[in-house]
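**Q** Please see the structure below; I have some questions.
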Amino acid sequence: MARHNLGTVVQFEFTRTVKKRRFWIATLAIPVLLAIVFVLVFVSSSSAQNRTEQQKNQSLDFSYTDASQLIDPAVATAMGGRVETSPGTAVERVKEGKLNAYFSFPATITKEPVLVYGTDQGIFKNGTYDAVAKQLVILSAQEKVGSAELTAAVQGNFSTEAQTFKDGQPSGGLETVVPPLLFLVLFYVVIILLANQMLASTLEEKENRVTEMILTTLDPTTLVVGKVISLFLVGAVQALVFSTPMLLGYVFFRGQLAIPDFDLSALQFQFLPMLVGALLFIGGFILFTGVLVGIGAVMPTAKDAASVFAPVMIMMFVPFYVVTLVVSDPGSMIVQVFTYFPFTAPITAILRNAFGSLNGVSAVIVIAELFVFGLLALRVAVHLFRYGSIEYSRKLSLRRAFTKKG
């Protein structure tokens, strides 16, 4: 009978939630906004690309003087330049609009600035003058050096390939870090999208004055556990809807949206870090769900619950204030505290697990802690719901609730 009741609760809560119009409005709002942003970025990128192509096909009309003897006349001519025959009047002609641009290259360009004068074409297009002057020097230097390889070496235009080792084995880079970090993204998406649902899961029946009737046919434990399972299923639906436009954008419009070309096939899904990440995610989800459901059981209305709800959610973001220490100095005192404090443990431990600084013993301790405190929070939430279900007009007294016999 209990199993039947649990399935009924899960089905009822899940169906009731996904049938609400406001649920789909809230769920689809983010994908729709992302789709609009993608379209705007796509249009802007296409326009910018067209403008760039047009600018490439147009040479900049300018004159120049070269005291450094570095400028190659042939390169300058190809870029639209010519030697200035009247340097004394060049700046005045630029001011009057008779000359588009004038560059004055000093005797020693490493010690003196190149003087660039041009007619105003707007704050963004004005940067073209500096860019052309610098490009002219670079191309002329390449011609004088006579070796593209040597020029690239001087400019630092070459790549390196690094390999690091850990415990005698090759250690991965981002390819091994990114997969476990997906649990961090999933944790934030699920908790943020479902936080209000978690809080309202026990408040709704209280505000509708139907809790007593429900508890005459259902055990409080079955009801709360059923609500938690339905919340997890609702979160899976929202996460799927939320991620769909991003996946479509990455697969089909990566070039147009200027998304970095990250080779997903290079990702390394190592079993142990992925297992630890999954357990940390589940444990953290149970803990935060139990706490938020408990808050809903104590408070008479959603307005009253909001004052307690905010600090709980803020604790999810506190670890990001020390994220540099989490990555660079995981042994520091504050990182250790955040690793084992229940409300900051999921985020901190998932970060450390991804970057390889969470050893096996610490991982077991944190996972056990999250599950123990999470199940305890659910148990307390059940108890509070049992005695807070009829407190419609005032907050449940915790002292009275825990002194009553279940």
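**Q** Restricted to segment 130-145, and to residues that are more than 41 Å from the chain's Cα centre (by Cα) and in contact (Cβ under 8 Å) with a residue 12 or more places away in the chain, which residue is surrounded by the fewest Cβ atoms within 10 Å (Cβ to Cβ)?
**A** The initial filter retains those residues of segment 130-145 that are more than 41 Å from the chain's Cα centre (by Cα), namely 140-145.
When the remaining residues are screened for being in contact (Cβ under 8 Å) with a residue 12 or more places away in the chain, the result is 140-141, 143-144.
Values: S140: 22, A141: 17, E143: 14, K144: 11.
Across segment 130-145, the extreme among qualifying residues is K144.
**Q** Could you give every pair whose Cβ atoms fall below 7 Å, whose first residue belongs to segment 356-376 and is under 12 Å from L280 (Cα atoms) and among the charged types (D, E, K, R), and whose second residue is outside any helix (DSSP H, G or I) and at pLDDT below 95, counting only separations of at least 6 or pairs across chains?
**A** E369/P342
**Q** Still on this model: Looking only at segment 266-294, which residues are modelled with pLDDT under 75 and part of a helix (DSSP H, G or I)?
**A** The answer is A266, and nothing else.
**Q** Another question, then. Could you tell me which numbered condition A297 fails, if it satisfies all but one of (1) assigned to a helix (DSSP H, G or I); (2) over 25 Å from T222 (Cα atoms); (3) of a type in the set (G, A, S)?
**A** Condition not satisfied by A297: (2).
**Q** Continuing with this model, one more query. Quickly run through segment 96-110 and pick out the residues that are closer than 24 Å to G122 by Cα and loosely packed, with under 11 Cβ neighbours inside 10 Å.
**A** E96, G97
**Q** List every residue pair whose Cβ atoms sit under 9 Å apart, with the two residues 6 or more apart in sequence or on different chains, where the first one lies in segment 312-341 and is in contact (Cβ under 8 Å) with a residue 24 or more places away in the chain and the second, anywhere, is of a type in the set (D, E, K, R).
**A** Sorted first by the residue in segment 312-341, then by its partner, the pairs are V326/R352; V327/R352; P330/R352; T339/R352; Y340/E369.
**Q** Go through segment 1-34 residue by residue and tally those that are more than 24 Å from Q197 (Cβ to Cβ) and modelled with pLDDT of 65 or more.
**A** 0
The values are calculated or read from the model by the stated rules, or taken from the named source; none is laboratory data. What you see is a predicted model; the values in this text were computed from it and never measured. As a convention, Cβ positions derive from the backbone with ideal geometry for all residues, glycine included, and neighbour counts pool all protein chains shown.
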